[in-house]
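The structure under discussion appears below in the form of structure tokens.
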Amino acid sequence: MPNLKEVKTKISGVKKTSQITKAMNMVAAARLRGAQEKMEAFRPYTAKFNETMSNLSGGATTNQFPLMENRDVKSIELLVVTSDRGLCGSYNANIVKLALTKIKSYEKEGKQVSLVCVGKKGYQLLNKKAKVRKKYTDIMSSFQMFNAREVATDLADNFLKGNSDKVEVLFGRFRSVASQVPTAVPFLPVQPVENIAGKENVKKISGDYIYEPSTEEIMDVLQPLYLNVIVYQAMLEVGASEHAARMTAMDNATNACKDIVSNLTVVYNKARQAAVTNELMDIVGGAEALK
Amino acid sequence: MAQQIRLEVVTPKGAVVNEDVDIVNAPGYGGDFGVLANHAPFLSTIKIGSLTYEQGRKRVTLMVTGGFCEVSNNKITFLVESAEFGSEIDVDRAMRAKERAEKRLAQALQHDETLNRTRAEASLKRAIARIKTAKSR
């Protein structure tokens with residue numbers, strides 16, 4: 001028979017845990033709203049940017065710009081964007097899993113793979129299993145455009161030096177509060193932006209534009225900016241996804257706590273009842289003996 | 001009433017301006033330029049500086065940092081990293097930032113640190129643009 005006091009301590013312990021998970025759930029919900037707003041605010045910027053890039057690169061040929069150069073791919077760099085903190089279910093693990101399968105398949109093809117990690121969790125999980133060239137940790141809680149610029153510039157420099165021939169970005173795309181999908185997006189060489197699907201009527205008017213300075217020089221400025229935009233976007237999505245994943249994880253944890261408490265309460269009541277019955281039997285037995 | 005052109009200023013933090021205006025003056029790559037209604041399609045990079053637009057008698061100045069601008073279909077769009085209204089700029093803070101940046105720049109020049117130098121130069125430029133923008137109100 002389980003000890004009464006032990007069960008009682010356990011119940012109060014689980015209750016305290018559920019208080020914490022509930023609080024974390026609410027904090028994550030509040031943060032999620034902020035992160036989503038940030039993401040929404042960035043949307044017009046990317047939309048406009050893509051429009052201009054597709055206008056511009058309509059006339060551009062690849063290999064014209066160093067950042068667009070398609071080389072023989074020998075080494076690949078992966079930018080893995082994860083969150084800084086854990087306790088958000090399998091969210092970071094899923095991104096890391098995608099990274100590991102990518103690394104494996106690239107290494108099978110005889111290519112070298114190096115990693116750049118944004119976010120502490122990805123670094124902790126990947127550091128032992130692969131070569132991490134650089135890490136940016138503890139920036140996910142309050143990142144700005146210049147953080148993204150730092151990362152993008154570093155990646156571009158490495159690409160231009162010829163240390164990497166292809167760069168991909170891995171992050172958790174924010175589909176909805178309930179679903180975050182690990183995704184890989186090509187980063188370098190810069191792909192000429194084709195007319196975005198569903199917007200076929202975007203006229204190719206690049207020839208009519210007056211450029212100041214020349215197209216080439218504008219592209220030289222725009223391409224790094226474009227890379228910033230991709231990294232920033234990935235960071236925003238990871239930020240939002242992290243909070244969404246934590247919200248679900250903590251909700252599950254709170255529910256699990258409730259189940260455990262109700263099971264333990266049944267055990268406690270049974271034990272208490274058994275103790276009462278035993279005592280009664282003792283008293284009745286004693287009384288019988290006195291007769 | 002004279003013809004107007006639609007002005008949009010978009011930053012990563014959202015749209016800042018979305019209005020019909022009479023004239024826009026902006027710090028372009030090759031110097032300041034002005035855009036009136038029905039301007040030909042035009043694309044230019046933008047330097048750190050102040051952007052002014054006029055709407056009847058109203059005249060508004062913004063401090064913008066690097067990006068680019070596009071003119072097409074009687075609409076001018078600025079995509080910049082940040083934009084601040086002149087009326088919202090804290091001049092004292094900008095002054096202090098300018099002094100700090102000057103000091104850092106001098107230090108970087110002494111020790112020949114390229115990275116610090118570019119950073120200090122950028123923040124000095126921003127500070128100067130802020131002060132100018134705030135004063136041109």
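A few comments on the model shown:
The rows are residues; the columns are (1) farther than 26 Å from A:S142 by Cβ; (2) of a type in the set (K, R); (3) touching a residue at least 40 places away in the same chain (Cβ under 8 Å); (4) in contact with a Gly (Cβ under 7 Å, 6 or more places away or on another chain).
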residue	(1), (2), (3), (4)
B:I48	no, no, yes, yes
B:G66	no, no, no, no
B:C69	yes, no, yes, no
B:A97	no, no, no, no
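- Residues satisfying the stated conditions in the stretch A:121-160, i.e. over 21 Å from A:I76 (Cα atoms) and either outside any helix (DSSP H, G or I) or among the polar types (S, T, N, Q) (or both): A:T137, A:D138, A:I139, A:M140, A:S141, A:S142, A:F143, A:Q144, A:N147
- Meets criteria (buried (at least 18 other Cβ atoms within 10 Å of the Cβ), away from chain B (no Cβ under 14 Å), at negative phi and in contact (Cβ under 8 Å) with a residue 60 or more places away in the chain) for A:L4: no
- Given (1) away from chain A (no Cβ under 14 Å); (2) buried (at least 16 other Cβ atoms within 10 Å of the Cβ); (3) more than 20 Å from A:I210 (Cβ to Cβ); (4) not acidic (D, E), number of the condition B:A106 does not satisfy: (2)
- Selection within the stretch B:1-40 - of a type in the set (G, A, S) and free of Cβ contacts under 8 Å to residues at least 40 places away in the same chain: B:A2, B:G14, B:A15, B:G30, B:G31, B:G34, B:A37, B:A40
- Residues within the stretch A:74-117 that are touching a residue at least 40 places away in the same chain (Cβ under 8 Å), touching a strand residue (DSSP E or B) at 6+ places or on another chain (Cβ under 6 Å) and either exposed (fewer than 14 other Cβ atoms within 10 Å of the Cβ) or among the polar types (S, T, N, Q) (or both), tallied: 3
- Filter result (more than 21 Å from A:S12 (Cβ to Cβ) and in contact with a helix residue (DSSP H, G or I) (Cβ under 8 Å, 6 or more places away or on another chain)) within the stretch A:250-262: A:D251
- Out of A:V202, A:V193, A:V229, sole residue that is closer than 20 Å to B:N73 by Cβ, at pLDDT 55 or above and touching a helix residue (DSSP H, G or I) at 6+ places or on another chain (Cβ under 7 Å): A:V193
- Candidates are the residues of the stretch B:37-96 that are within 9 Å of another protein chain (Cβ to nearest Cβ) and either in contact with a Ser or Thr (Cβ under 7 Å, 6 or more places away or on another chain) or assigned to a helix (DSSP H, G or I) (or both); the one that is surrounded by the most Cβ atoms within 10 Å (Cβ to Cβ) is B:F68.
The values are calculated or read from the model by the stated rules, or taken from the named source; none is laboratory data. Remember, it's a predicted structure, so these values are computed and weren't measured experimentally. Note: ideal-geometry Cβ built from the backbone for every residue, glycine included; neighbour counts use all protein chains shown.
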